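The values are calculated or read from the model by the stated rules, or taken from the named source; none is laboratory data. Bear in mind the structure is a predicted one, so any value in this text is a computation, not a measurement. Cβ placement follows ideal geometry from the backbone for every residue including glycine, while neighbour counts extend to all protein chains displayed.
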Number of protein chains: 2
Amino acid sequence: MKQDRPKISDVARLAGVSTATVSRVISNPGLVSEDTRATVQEAIRASGYRLNQAARNLRHRRTGGIVALVPNLANPFFSQILSGIASVLGPAGYNLLVADTRSAGADMLLDYAEPSRADGLIVLDGTLPAAALAGRVPVVLACEWVPGLSAPRVKIDNRAAAAMAVNHLADLGHRRIGHVTGPQGNVLSDARQSGTAEALAARGLTLAPDAVYPGDFSLDSGQRAAAQWLAQPVEQRPTAVFLASDEMACGFIGEVQRHGLHVPQDVSVIGFDDIELIAHISPPLTTIRQPRAAIGRLAAERLLAQLNGQVEPDDTILPVELVLRASTAALLL
Amino acid sequence: MKQDRPKISDVARLAGVSTATVSRVISNPGLVSEDTRATVQEAIRASGYRLNQAARNLRHRRTGGIVALVPNLANPFFSQILSGIASVLGPAGYNLLVADTRSAGADMLLDYAEPSRADGLIVLDGTLPAAALAGRVPVVLACEWVPGLSAPRVKIDNRAAAAMAVNHLADLGHRRIGHVTGPQGNVLSDARQSGTAEALAARGLTLAPDAVYPGDFSLDSGQRAAAQWLAQPVEQRPTAVFLASDEMACGFIGEVQRHGLHVPQDVSVIGFDDIELIAHISPPLTTIRQPRAAIGRLAAERLLAQLNGQVEPDDTILPVELVLRASTAALLL
DNA sequence: CTGAAAGCGCTTACAG
DNA sequence: CTGAAAGCGCTTACAG
């Protein structure tokens, strides 16, 4: 299209040196004498030369890109993680490519795990097939993880986090405690549900089957869980509910309020994630905060470390935090 | 790293043909006889050959990537737009690269507008300098736009959308109508504020200076606006407020409720965007819906059209929709 | 229909 | 410290 883009040979001609020297001035100036360097730099300036990354990458047999595989790009939960990833990838000279695994086919995934496509992968979707990812470009798993795939993981302790939520409710005197789960087959759902059951058991309580409401992290599923809860007899239904995501908690509270009941008077509600908005709803939501930006940053750092040859397959577990707001209260006797 | 990745010459040797023929089988099979094609395809299969995109791109003088320049990746507003963009770019064989313009320096932006970095740009940040973007790779502006930069725009009619909001409030009998603005210097803020003033004027009402509250689209700024509103004398302050974003509306409502007042009884509130969550808060928020996924899809399509040589510098204006929920009500006399 | 050869724009041992 | 030359892995006019 543009024949005017100067290339390295144009600069070389202008400066009266070889292309090798120009290349050195660009990528390893220490190798070049001060005089030559100045001449070349002037020629670069004068010609308006800009490095062609694609050519350099081909030569280096790398792509300069890192792909983030996200289950659902439209879900705001991931935007802050991406933001964290971008904040370390950019300065390190890598492009961040994003792909939505829900809308991409299986063959697309294979393409993304191609060394010619990306130098590494940050996988945020635990439902991907391990086989498609194994033995290809370096991978880091963030938040979710792919069972059977050995790769560094950057995550929180979901069991312990769930226990934290449950203990908070139990500390407030609640004994009938319910749980709204994440989607079936999701590693996070499982971990949070077992964490819930274990924490209850540790306090002599049980997670009754009719106190477990199936959800899928979405607002709508939280609303449906509330409908189920509302349909139960008052003396049987949980007085406090731990939901595996803030979105669900938001949907739950909205539905409960729509039926004239009050949070936390009629039911205490605790969520998970600490997405920004839920601090501003009424009542502000008590929740477990996940350090999303930090997860993104660390995942990116782990991947860069791998690319630089450091081998560190250990998991990184980030701390969560109980954020107390107004949606939970002591059980009224 | 891996010496085992077969290249086109390996396949050629295996099939007993030239590399040119292999290349043709891959990218233009019609040019090759059926027999040869079968032999080559078998050799590809047997060798496990996969095309090296970087090399093809260098040869084609393209990168295969489109960069989306987002003001703030952590803001959920953009995730659905990105999702729309990704849904058309993927099938068209392009990678979606994302960059956060807030965290990237000015020189980084120049890099992104490099033909060696990306084949095109989707700009979602109207505050970027036109000079940095002009005369470089093809650009499409989405949502926001850069004044003075001539490029196709995919957006809504922000003035008309603001008028829609204001008219709804006026139809409910409100006469003192307030407005919480977006950030200073943002093209959307300006358009929505003038739309508000014009619509009021058209009905014989005015936008009083003390009924304009400065915001920046964020939750916190909505909360601050509410504090300002609460500090005004009851008989002077607006009975209805139009906020330039849902996040601000959410912050506004939360603060008003925290002070014991009720929405919409004490003040009607209408937002902008229709982000998912605000349908589930109490009261559910009346708002103006922006078709975010469609904006993303269309922006991507316009860009692909440009890349294919179609010239169409016209703007695409997408329709908005008034979504009636419970946060607005008739003025009580 | 097929092949030899040049070239996309860089980088880097290898000499000197 | 610098240059000539090969090569990263493809594609595509040009011949035949």
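Among the conditions (1) within 11 Å of chain B (Cβ to nearest Cβ); (2) closer than 18 Å to residue B:283 by Cα; (3) not aliphatic (A, V, I, L, M), the only one that residue A:264 does not satisfy is (1). Only one of the numbered conditions (1) over 21 Å from the mean Cα position of the chain (by Cα); (2) assigned by TED's automatic domain parsing to the domain that holds residue A:123; (3) in contact (Cβ under 8 Å) with a residue 60 or more places away in the chain is violated by residue A:240, and that is (2). Taking into account only those residues within segment A:1-16 that are at pLDDT 90 or above and near DNA strand C (Cβ under 7 Å from one of its atoms), which is farthest from the chain's Cα centre (by Cα)? Step by step, filter segment A:1-16, then rank; the result is A:9.
Just to be sure before I move on: is residue A:39 within 9 Å of chain B (Cβ to nearest Cβ), within 12 Å of DNA strand D (Cβ to nearest atom) and β-branched (Val, Ile, Thr) in the structure I sent? No: the conditions fail for residue A:39. Out of the residues in segment A:42-57 that are away from DNA strand D (no atom under 11 Å from the Cβ) and part of a helix (DSSP H, G or I), state the one that is nearest to residue B:64 (Cα to Cα). Among residues in segment A:42-57 that are away from DNA strand D (no atom under 11 Å from the Cβ) and part of a helix (DSSP H, G or I), the one nearest to residue B:64 (Cα to Cα) is A:53.
Of the residues that make up segment B:122-137, is at least one touching a residue at least 60 places away in the same chain (Cβ under 8 Å) and in contact with a helix residue (DSSP H, G or I) (Cβ under 6 Å, 6 or more places away or on another chain)? Yes.
Checking B:146, B:154 one by one, the residue that is in contact with a strand residue (DSSP E or B) (Cβ under 6 Å, 6 or more places away or on another chain), at pLDDT 90 or above and either closer than 30 Å to residue B:323 by Cα or not in a strand (DSSP E or B) (or both) is B:154 and no other.
Considering segment A:65-74, the residues that are surrounded by 21 or more Cβ atoms within 10 Å (Cβ to Cβ) and part of a loop (DSSP other than H, G, I, E, B) include one that is farthest from DNA strand D (Cβ to nearest atom), namely A:74.
Does residue A:203 meet the test of being within 14 Å of another protein chain (Cβ to nearest Cβ) and without any contact (Cβ under 8 Å) to a residue 60 or more places away in the chain?
So residue A:203 does not fit the description; no.
Once segment A:85-96 is narrowed to residues that are in a helix (DSSP H, G or I) and buried (at least 23 other Cβ atoms within 10 Å of the Cβ), the residue that is nearest to the other protein chains (Cβ to nearest Cβ) is A:86.
Quickly run through segment B:17-36 and pick out the residues that are near DNA strand C (Cβ under 7 Å from one of its atoms) and either part of a loop (DSSP other than H, G, I, E, B) or charged (D, E, K, R) (or both). Once the filter is applied, which keeps residues that are near DNA strand C (Cβ under 7 Å from one of its atoms) and either part of a loop (DSSP other than H, G, I, E, B) or charged (D, E, K, R) (or both), segment B:17-36 yields B:17, B:18, B:24, B:32, B:33, B:35. In segment A:37-46, the qualifying residues are those that are charged (D, E, K, R) and exposed (fewer than 14 other Cβ atoms within 10 Å of the Cβ), and the one that is farthest from DNA strand C (Cβ to nearest atom) is A:42. Checked against the criteria, residue A:118 counts as of a type in the set (A, V, I, L, M) and part of a loop (DSSP other than H, G, I, E, B). Each residue in segment B:158-187 was checked for being under 17 Å from the mean Cα position of the chain (by Cα) and either in the same structural domain as residue B:307 (by TED's automatic domain parsing) or crowded, with 19+ Cβ neighbours inside 10 Å (or both), and 4 pass.
Against the list (1) in a loop (DSSP other than H, G, I, E, B); (2) away from every other protein chain (no Cβ under 14 Å); (3) under 26 Å from the mean Cα position of the chain (by Cα), the condition residue A:235 fails is (3). Scanning segment B:293-333 for residues being in contact with a Leu (Cβ under 9 Å, 6 or more places away or on another chain) and closer than 15 Å to residue B:121 by Cα gives a total of 7.
The residue pairs whose first member lies in segment B:53-76 and is facing chain A (nearest Cβ under 8 Å), whose second member is assigned to a loop (DSSP other than H, G, I, E, B) and near DNA strand D (Cβ under 8 Å from one of its atoms), and whose beta carbons are closer than 9 Å, counting only pairs six or more residues apart or on different chains, are B:53/A:116; B:54/A:61; B:54/A:116; B:55/A:116; B:55/B:7.
The residues of segment A:183-216 that are in a loop (DSSP other than H, G, I, E, B) and out of contact with any strand residue (DSSP E or B) (no Cβ under 9 Å at 6 or more places or on another chain), listed by number, are A:183, A:184, A:185, A:186, A:203, A:204, A:206, A:216.
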